[in-house]
Amino acid sequence: MSHDDKENAESSSRKVLMPLSSTKSKPLSLSTSIHHSKTVRFGETVETLFLLDNPKLNNKKARTSYSNNVLSNPSSPQSWLKSLDATSKAISRSSEPFLFGPNLIKLHRRATTMLKSSRTTPDFCQASFVNIWLSYANAQFLYGNKGDARMTFRYMKLEKLGSNMAIVYVKNAEFEMMDNNEEVSEASEP
């Protein structure tokens with residue numbers, strides 16, 4: 001090993017061993033880091049979770065704004081619903097919706113997980129919360145497993161989510177009708 005190689009190795013090892021306080025990265029505020037740690041999980045970024053890093057999806061400015069609202073108030077069904085609606089529309093308008101579908105399901109799963117604790121708040125009964133679950137079932141039907149969509153409707157029924165809202169029963173009936181129609185058309189093909 002030459003003298004220059006040894007110097008480079010030593011300087012690179014010194015960079016690794018430098019204390020964190022000497023780095024120039026801007027620390028997150030306490031409240032922001034708490035919200036991010038709850039919403040964004042290990043190995044994710046805000047951009048990947050909310051699909052902001054993909055140039056194939058339109059309406060990035062609005063989706064960024066909605067995702068920031070979610071990050072600042074992750075227990076707000078209204079914030080999550082706006083973000084999910086904007087992302088769902090961007091995916092459906094894209095040239096490759098099935099490429100992004102699994103990410104949309106993941107985003108819905110995160111929303112429903114974050115909002116499970118909302119059961120004791122008045123938001124639990126609000127239409128936004130129920131519409132998130134309906135949107136989740138729709139994303140599962142379109143881009144995932146139809147059995148999962150059926151289980152989502154069953155869960156909603158068991159937990160009495162939207163039991164006083166006609167839209168829940170209409171969407172469940174539409175889902176069953178579309179699912180049966182697909183089975184009938186597949187069975188009738190030669």
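The values are calculated or read from the model by the stated rules, or taken from the named source; none is laboratory data. All of these numbers come straight from a predicted model, not from anything done at the bench. When we count neighbours, we look across all protein chains shown, and the Cβ atoms used for this are built from the backbone with ideal geometry, even at glycine.
So PRO55 clears everything in (1) over 20 Å from ALA139 (Cβ atoms); (2) at pLDDT below 80 except one condition, right? Which one?
All conditions pass for PRO55, except number (2).
Which condition number does PRO77 fail, the rest of (1) within 12 Å of the chain's Cα centre (by Cα); (2) surrounded by 19 or more Cβ atoms within 10 Å (Cβ to Cβ) being met?
Going through (1) within 12 Å of the chain's Cα centre (by Cα); (2) surrounded by 19 or more Cβ atoms within 10 Å (Cβ to Cβ) one by one, PRO77 breaks only (1).
Within region 89-98, identify whether any single residue is modelled with pLDDT of 80 or more, of a type in the set (Lys, Arg) and within 17 Å of the chain's Cα centre (by Cα), and answer yes or no. Explain how you work it out, then say what you get.
Looking only at region 89-98, we keep the residues that are modelled with pLDDT of 80 or more, and these are 89-98.
Now restrict to residues that are of a type in the set (Lys, Arg): 89, 93.
Filter again for within 17 Å of the chain's Cα centre (by Cα), leaving 89.
Within region 89-98, one or more residues are modelled with pLDDT of 80 or more, of a type in the set (Lys, Arg) and within 17 Å of the chain's Cα centre (by Cα).
In this structure, is THR113 surrounded by 21 or more Cβ atoms within 10 Å (Cβ to Cβ) and of a type in the set (Ser, Thr, Tyr)?
Working: surrounded by 21 or more Cβ atoms within 10 Å (Cβ to Cβ): no; of a type in the set (Ser, Thr, Tyr): yes.
It is false that THR113 is surrounded by 21 or more Cβ atoms within 10 Å (Cβ to Cβ) and of a type in the set (Ser, Thr, Tyr).
When both residues are 6+ apart or on different chains and their Cβ atoms are under 9 Å apart, which pairs have a first residue that lies in region 91-116 and is closer than 15 Å to VAL40 by Cβ, and a second that is surrounded by fewer than 13 Cβ atoms within 10 Å (Cβ to Cβ)?
If the second residue must be surrounded by fewer than 13 Cβ atoms within 10 Å (Cβ to Cβ), the pairs left are ARG110/ARG41.
Only one of ASN131, ASN138 is surrounded by 18 or more Cβ atoms within 10 Å (Cβ to Cβ) and touching a Leu at 6+ places or on another chain (Cβ under 9 Å); which? If you could, list the steps in order and put the result at the bottom.
Working: ASN138 fails: touching a Leu at 6+ places or on another chain (Cβ under 9 Å).
Sole residue among the options that is surrounded by 18 or more Cβ atoms within 10 Å (Cβ to Cβ) and touching a Leu at 6+ places or on another chain (Cβ under 9 Å): ASN131.
Assess whether PHE98 counts as being surrounded by fewer than 18 Cβ atoms within 10 Å (Cβ to Cβ), out of contact with any strand residue (DSSP E or B) (no Cβ under 6 Å at 6 or more places or on another chain) and aromatic (Phe, Trp, Tyr).
The answer is yes for PHE98.
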